[in-house]
Amino acid sequence: MPESKIVTIGSQKGGVGKTTVVLNLGIGLGRMGWKVLLVDGDPQGGLGISCSRAKYHGPGLIEILMGKADKSQAVQELSDSIALCRIGSKAPNEILVYEKKAINGNLGRLIRDIASDFDCALVDTPAGTGTVTRAFLEISDRVVPVINCLAGTVRSMPRFIALTDWVKEKINPDLRLGGVVINMFNEKDPSEERICKYLQSRLHKDFFYNTIIPRDKAFDTAHTRAMPVSLLPEGKGASRHFEALAEEFIRRDAAMARTSPGTHATTTSAMHDEIKATDSSQAFQADPFEGLLSSICCQAGFNALVLADAMGFPISGHNSPTYVDEMAAFAPVLGDSLEKARAILGLDQAESIVLEASGGERLALRMFKMQEETYYLLARCQPGLDAESELELAVEKIKAVLS
Ligand SMILES: Nc1ncnc2c1ncn2[C@@H]1O[C@H](COP(=O)(O)OP(=O)(O)O)[C@@H](O)[C@H]1O
Ligand SMILES: [Mg+2]
């Protein structure tokens, strides 16, 4: 009998593959002998549509919560091992009731009750950290966040993890991180490859499932036909990855069952400190560079200055955070150009790049390394400034703090 009963699949961003993971991981677990309930917890009803158009219509969670149906009407068998619990009503006012029932705890209690007939319930959630997702986390044994390797998704991940930590600390101490699923991975895209390696190097090895789900058109075809990818002739490769994920899920689940929630290395809290390093909003809170960057700006005549890591996550910045975020995102792009220019022109020593910006301002970037790590320092320079020498001086001051 599996230890984990209720698993929330969530993400800060939409379109990263939550619904796809719920459906295909569920099928994978079913094949391994588990009796699985797929819960369509997202008012968009994406899960119901993806697994069966025929069974999509009919009463669901919303009707049960409104006293108009009972659970036998909302739960439908899809196969011997898999059942679907529909979301139900699409009426905006009734969706509002659903959200209210999430806040008052009735939704959580209902899911617990329905899940008790199964070995495991995988709950599909709306994107973000709203009340519905929170209600599921409050009654879950595991959380499985889904991401892809695009910068915007990765940057948003700490917000979702922060919610899971908060729920674990304040409401549900049994909640544990199953693992983050990396989905839609395109290994031929150098930027995705770099982001993936970066994440794996920065975070605890158990933070991600080892099984990475590649980008595969078969998922879209399956989505269009409202059937699991495993039933498509061209979907065999895609479904093998989910079988591997299901095996890994079960293996980890068994390992976690042998440790208490507080001690296992993959509790979300244990991860949080490491993740903070990638969270730009957190980086602005305790910032050892703040004073230094503002004094460099004053002395050198920079209008703004950003220190970013190899991925462009801002470590620190002087001037407004939004401005800093935009500039930080720009830093690795310029850094790439710099590396290419070095290769093409044989400029081994080139470490900076200066661009003319509007109003006589210039944008100057300097790339530097410290203990094998790459950093970028990007400045908006006032007209007439010797940008390169000023940046070089600034790098020396920053290196002194970094070392
Ligand atoms: N690994 C993948 N490769 C290619 N397309 C995918 C993959 N995973 C999901 N998709 C497609 O991406 C779209 C969004 O996925 P979905 O599961 O609905 O995301 P979410 O539930 O997070 O909004 C769907 O059209 C789905 O078929
Ligand atoms: Mg979805």
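Values in this text are rule-based calculations from the coordinates and carry no lab data. Just so it is clear, the model here is predicted, and its values are computed rather than measured. Here Cβ is always computed from backbone atoms with ideal geometry, including for glycine, and neighbour counts include all displayed protein chains.
Details
- Note on 109, 155: ascending count of other Cβ atoms within 10 Å places them as 109, 155, the fewest first.
- Dividing the radius of gyration of the alpha carbons in the chain by their Kirkwood radius gives 1.05 for Rg/Rh.
- Sequence-distant residues sharing a close amide H with residue 208 (under 5 Å, placed H): 180
- Exposure proxy ranking for 337, 72, 316, 294, based on other Cβ atoms within 10 angstrom of each Cβ and starting from the fewest, stands as 72, 337, 294, 316.
- Of all DSSP-defined beta bridges confined to region 6-276, some 10% are antiparallel rather than parallel.
- Relative contact order (percent, whole number), the chain, Cα cutoff 8 Å, 6+ residue spacing: 14
- Positive-pole candidate from 139, 402, 312, dipole of the chain, charges at beta carbon: 139
- Most mobile listed residue (163, 363, 347) in the chain, GNM with C-alpha springs under 10 Å: 347
- Integer Hz, Karplus 6.51/-1.76/1.60 couplings in order for region 353-359, x for Gly and Pro: 9, 10, 10, 6, 10, 5, x
- Computed from Cα positions, the angle between helix 18-31 and the longest principal axis of the chain comes to roughly 50 degrees.
- Listed by chain and number, the lysines whose alpha-carbon sits under 19 Å from that of residue 397, ignoring those within fewer than 8 places in the same chain, are 369.
- Most mobile listed residue (154, 39, 144) in the chain, GNM with C-alpha springs under 10 Å: 154
- Nearby lysines by direct alpha-carbon distance to residue 101 (threshold 22 angstrom, same-chain neighbours under 8 apart not counted): 5, 68, 71, 90, 168, 170
- Distant-in-sequence amide H partners of residue 304 (H built 1.01 Å from N, under 5 Å): 380
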